[in-house]
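Please read the structure below before turning to the comments.
The values are calculated or read from the model by the stated rules, or taken from the named source; none is laboratory data. Just so it is clear, the model here is predicted, and its values are computed rather than measured. Cβ placement follows ideal geometry from the backbone for every residue including glycine, while neighbour counts extend to all protein chains displayed.
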2 protein chains.
Amino acid sequence: MPVHFSMKRKCPKTAARLGKLETGHGVIETPAFMPVGTQGTVKTMAAHDLEEMETGLILGNCYHLFLRPGMEIIARHGGLHGFMNWSGALLTDSGGFQIFSLGRLRKIDQYGVTFTSHIDGRMHFLTPERVTRLQNVIGADIAMVLDQCPPYPAQYEEVKAAVERTSLWAERCKKSHLRQDQALFAIVQGGIYEELRRQSARELVEMDFPGYAIGGLSVGEPKDLMYSTLQSTVPELPAAKVRYLMGVGSPDALLEGVKWGIDLFDCVLPTRIARNGRVMTSGGYLSIRNSVYAADLSPLDHDCSCYVCVNYSRAYIRHLLNAGEILGLRLTTYHNLYYISGLMKEIRTALAEDRFEQYYAKMNFKLNKMYGGM
Amino acid sequence: MPVHFSMKRKCPKTAARLGKLETGHGVIETPAFMPVGTQGTVKTMAAHDLEEMETGLILGNCYHLFLRPGMEIIARHGGLHGFMNWSGALLTDSGGFQIFSLGRLRKIDQYGVTFTSHIDGRMHFLTPERVTRLQNVIGADIAMVLDQCPPYPAQYEEVKAAVERTSLWAERCKKSHLRQDQALFAIVQGGIYEELRRQSARELVEMDFPGYAIGGLSVGEPKDLMYSTLQSTVPELPAAKVRYLMGVGSPDALLEGVKWGIDLFDCVLPTRIARNGRVMTSGGYLSIRNSVYAADLSPLDHDCSCYVCVNYSRAYIRHLLNAGEILGLRLTTYHNLYYISGLMKEIRTALAEDRFEQYYAKMNFKLNKMYGGM
C-alpha cells in the first residue's frame, strides 16, 4: 500500500479519531490540516518555513500544474516533489473543483470535460483517465479522482447526475491508475442531499479506495447544513480508511469536522486571508491593516510562539502591508499556518489524552464566536 | 566613538584596503556591500535570511521612514533596530537623494527643503537639523548628513552651489547631532567636476567626520567618468576613516570601487533586478523568465552554494515568476544578495592574502564583460 492509515484512538463520545497516515514521504499525525500549494508553492512560503511548523503534507493542484508549467517540466524533475523541493508528503487534487468553477468556460459530457485555460485561453480536453495519468506523472503520494462538483445551491436532479458521473469517473480513474507507490482517493459528492451523499459514498466504498474525500461542501452552504451533511455522510465511510474534508480551513469548522470523524482538511483560507492582512489569533480574527494597530507593540497573538510572534510587532507588520512590502505577506501567512497547525496539534493532544469531548465543549463555543461568521 | 574603523591591510599596488568597522551592533569586515532596506525591510527578506548570508550592515532611509510609518511608531520600538527586529548594524541615509529626485515636488532654500510626500501629497519641510534629529530617533549605528545631490548632467555652477550648500548643511547636521552612540557621516558631492569634488572633500574633512560617503555618482554618468571621479576624490579623504560609495552595486563597479579605496557600498540593484527575474551568476546576468530556462534543471548558478542554488532549479524559479508566485521573488533576491556577499568576501580574501592586484587583473575584464553594460 502506498499510504497506510491506522486509527490510534477513538473518542468514546463523538466520531473523532486520532490516527496516523504513513506515506512514502513521512508519517502524518491526524487529524491534520494540509496547506495548499496550488501552483507548486504554498504562497509566500519556502520549504523550510513549512518544515519549521511541522507541516507533513501539502497540496498541489493537477489542473493548475497541467496548465503551467506543464507535465514535461515536472516529469523532468522526477515529479512535483523534486520540482518544488519538498521532501514531505504531497497530495494533488484532480482539479475537478477548479474546472467546474470555470462556468461558461467548460463543457462536460460522459467522456470528460472540455475547457478553456484561464491563463491563455487555449482549449483542453480532460478525461478521468487523462487526469489520472497526469497525476501519475506529478507523482504525489496521494492523487484524487476527477469528480463533478455541483455548485450550491443546485437542484436535486443536477446533483444526482453529478453523483452518478462522479461514480462512473471514479471507476475509470481507478482502472487507469497504474502507479503502485501512489494512492488514489475517491471523492464523495451529493451536495446537501443526504440521500445522494449516502448513494455516492456507498457506490465509491463499493469500489474500495484507500481513502475517501468529501467534496462539494464549503461551497457557500450554511455551516449547519455542512455539519448535518457530514453527520450523515461520514458513517457511510469505512472506519479503517482515512477521511478528508475538502476546502475546509476555518478553525470552528476544523473542530467540528474532527468531531464528525474527519482526518484530513485543506483550504486556501489561512493563506489567502493572510495576504489580505487578516490573521487568526487566540482572540479571533485581527485585521492588521486597521489603524488601531498602527503603534501596537504587541505580537499578532500573545499566546503564539511562532517566529513571527516572537520577533515582530503588529505595528511593524501593519507598516509592511501598508507599504506593499512582501515580507508582510510572508509574516502573516507564516503565522496563520502556524496557528492552524497549533490548533490541530491541540486537538490531537486532546484525543490522545481521551479528553476530546471536554476540549470540544470548551472550544466549540469560543471558535464559533470568533470564526463562525466566515 | 560610536563606530570605529581600522585598516588591517593595504594593497601595495592599488588604493584598495582591508579593514573592519566596529559598531554597537557587530563588526563589519570591509570592503562590504550593504543591502538596502528602504522602508525598514530588505525587500522580500526576513532578518534570518540576511543573517544566513552573513550580512552585518543594512540600510534604512530616513525620508521614507519619516513619511511612513513616522517617527512616533519607530520611537516606540526603541528605534529602527527594534522596529524591524534587526540585531546587526544599521545605517540610515538622510533621504537627500530621494528628496532631490522628487523634481517639481520640492523647493529648496538655505534653510531646508519643502516637498510633497510621494505617498499622500502632504507638504513637509525638512532642515538639516530636523533630518539629524529624525535619524537620532531612528537610532541607526550610522546616520548621514542631509546633502544636495545634483542630477547628471548638471552645469558647473549648479554643482558648485550644491557643494557649498552640502558643506553648510553638513556643519548644521554635525552641530545638531547629539547622539553619542551614533556616528554621523558626511557626503562628498561635486558631480563629475574634479575641482568641485576636491573642494567638497576638503571642506568636509576639515569638519572632521568619523566617516565619508561619496554621493552624486552612479546617477547616470558613464562608468569611466565615475571611476575617474573616484580616482581624484578618494585621495582627499583621510586614510584612517571609512569611505562609502553610495548607490553602487554592480559587480564590476564594486571591484573598481574597492580598487580606488572604497570600504562600503550600497545599492538597490541586486534586489530590484531580482524582482524582475534578473539574477547575477558566475557567468553574468541571467534573465530567468527567458523561455530557454523553461525545462532547465540547473541551479541559477553552478558555482553558487546558496540555499536557492542548492535546492531549486531554474525551471522551478522561472515557473514561480511566471505564475506570479512570491516565493520566486524571495529566491531570486536571496541569490543575488548571496552572490554580491560572496564577491565581497572573495575581494576581502584577496586583500588578506596580498593578491588583490592579481585578483583585480583576473576579474576586472571578466566582470566588465558580464556586468559592465548596466
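Summary table below
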item	result
Scope the stretch A:31-46; condition assigned to a strand (DSSP E or B) and more than 17 Å from residue A:329 (Cα to Cα); matching residues	A:32, A:33, A:34
Qualifying residue in the stretch A:37-48 (condition: over 17 Å from the mean Cα position of the chain (by Cα), surrounded by fewer than 17 Cβ atoms within 10 Å (Cβ to Cβ) and touching a residue at least 24 places away in the same chain (Cβ under 8 Å))	no
Criterion: touching a Pro at 6+ places or on another chain (Cβ under 7 Å), assigned by TED's automatic domain parsing to the domain that holds residue A:230 and part of a strand (DSSP E or B) - qualifying residue of A:28, A:58	A:58
Per-region count, the stretch B:311-320, residues more than 9 Å from every other protein chain (Cβ to nearest Cβ) and of a type outside the set (Lys, Arg)	1
Pairs with Cβ under 8 Å, 6+ apart, first in the stretch B:74-87 and over 15 Å from residue B:46 (Cα atoms) and in the same structural domain as residue B:24 (by TED's automatic domain parsing), second in a helix (DSSP H, G or I) and among the hydroxyl-bearing types (Ser, Thr, Tyr)	B:77/A:316
Residue match in the stretch B:260-272 (condition: touching a Ser or Thr at 6+ places or on another chain (Cβ under 7 Å), closer than 26 Å to residue B:355 by Cβ and not charged (D, E, K, R))	yes
Single residue of B:322, B:311 found to be under 20 Å from residue B:49 (Cα atoms) and touching a Pro at 6+ places or on another chain (Cβ under 9 Å)	B:311
Residue match in the stretch B:362-373 (condition: within 14 Å of another protein chain (Cβ to nearest Cβ), assigned to a helix (DSSP H, G or I) and free of Cβ contacts under 8 Å to residues at least 40 places away in the same chain)	no
Any hit, the stretch A:222-237, residues being in contact with a Ser or Thr (Cβ under 6 Å, 6 or more places away or on another chain) and more than 19 Å from residue A:31 (Cβ to Cβ)	no
Residue within the stretch B:63-75 that is in a loop (DSSP other than H, G, I, E, B) and within 25 Å of residue B:342 (Cβ to Cβ) present	no
Members of the stretch B:67-79 that are surrounded by fewer than 23 Cβ atoms within 10 Å (Cβ to Cβ) and either of a type in the set (A, V, I, L, M, F, W, C) or more than 13 Å from chain A (Cβ to nearest Cβ) (or both)	B:67, B:71, B:73, B:75
Scope the stretch A:87-129; condition in a helix (DSSP H, G or I) and surrounded by fewer than 17 Cβ atoms within 10 Å (Cβ to Cβ); matching residues	A:103, A:104, A:105
Residue match in the stretch B:280-294 (condition: surrounded by 23 or more Cβ atoms within 10 Å (Cβ to Cβ) and assigned by TED's automatic domain parsing to the domain that holds residue B:345)	yes
Of all residues making up the stretch B:300-334, the number that are acidic (Asp, Glu) and assigned to a helix (DSSP H, G or I)	0
Exclusive hit being hydroxyl-bearing (Ser, Thr, Tyr), within 27 Å of residue A:168 (Cα to Cα) and modelled with pLDDT under 95, set A:114, A:127	A:114
Residue among B:352, B:323 that is surrounded by fewer than 22 Cβ atoms within 10 Å (Cβ to Cβ), within 12 Å of chain A (Cβ to nearest Cβ) and not basic (Lys, Arg)	B:323
Residue within the stretch A:127-135 that is of a type in the set (S, T, N, Q) and either closer than 26 Å to residue A:88 by Cβ or not assigned by TED's automatic domain parsing to the domain that holds residue A:247 (or both) present	yes
Hits in the stretch B:128-146 - residues which are at positive phi and free of Cβ contacts under 8 Å to residues at least 60 places away in the same chain	none
Among residues of the stretch A:311-333, those that are without any contact (Cβ under 8 Å) to a residue 60 or more places away in the chain, under 28 Å from the mean Cα position of the chain (by Cα) and under 13 Å from residue B:47 (Cβ atoms), counted	2
Condition broken by residue B:100, with the remaining ones in (1) at pLDDT 95 or above; (2) among the aromatic types (Phe, Trp, Tyr); (3) touching a strand residue (DSSP E or B) at 6+ places or on another chain (Cβ under 9 Å) satisfied	(1)
Sole residue being under 12 Å from residue A:143 (Cα atoms), among the small types (Gly, Ala, Ser) and assigned by TED's automatic domain parsing to the domain that holds residue A:23, chosen from A:201, A:186	A:186
Leading residue by the ranking (farthest from the other protein chains (Cβ to nearest Cβ)) among those in the stretch A:300-310 that are surrounded by fewer than 21 Cβ atoms within 10 Å (Cβ to Cβ) and in contact with a helix residue (DSSP H, G or I) (Cβ under 7 Å, 6 or more places away or on another chain)	A:304
Residue count, the stretch A:162-173 (criterion: surrounded by fewer than 17 Cβ atoms within 10 Å (Cβ to Cβ) and touching a residue at least 40 places away in the same chain (Cβ under 8 Å))	1
Options A:170, A:183: the member that is closer than 27 Å to residue A:76 by Cα, modelled with pLDDT of 95 or more, of a type in the set (A, V, I, L, M, F, W, C) and in contact with a strand residue (DSSP E or B) (Cβ under 6 Å, 6 or more places away or on another chain)	A:183
Of residues in the stretch B:267-281 being in a loop (DSSP other than H, G, I, E, B) and in contact (Cβ under 8 Å) with a residue 40 or more places away in the chain, the one farthest from residue B:61 (Cα to Cα)	B:277
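For (1) surrounded by fewer than 19 Cβ atoms within 10 Å (Cβ to Cβ); (2) of a type in the set (Lys, Arg); (3) in a helix (DSSP H, G or I); (4) in contact with a Phe, Trp or Tyr (Cβ under 6 Å, 6 or more places away or on another chain), each residue gets a yes or a no:
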{"residue": "A:137", "(1), (2), (3), (4)": "yes, no, yes, no"}
{"residue": "A:151", "(1), (2), (3), (4)": "yes, no, no, no"}
{"residue": "A:160", "(1), (2), (3), (4)": "no, yes, yes, no"}
{"residue": "A:175", "(1), (2), (3), (4)": "yes, yes, yes, no"}
{"residue": "A:202", "(1), (2), (3), (4)": "yes, yes, yes, no"}
{"residue": "A:212", "(1), (2), (3), (4)": "no, no, no, no"}
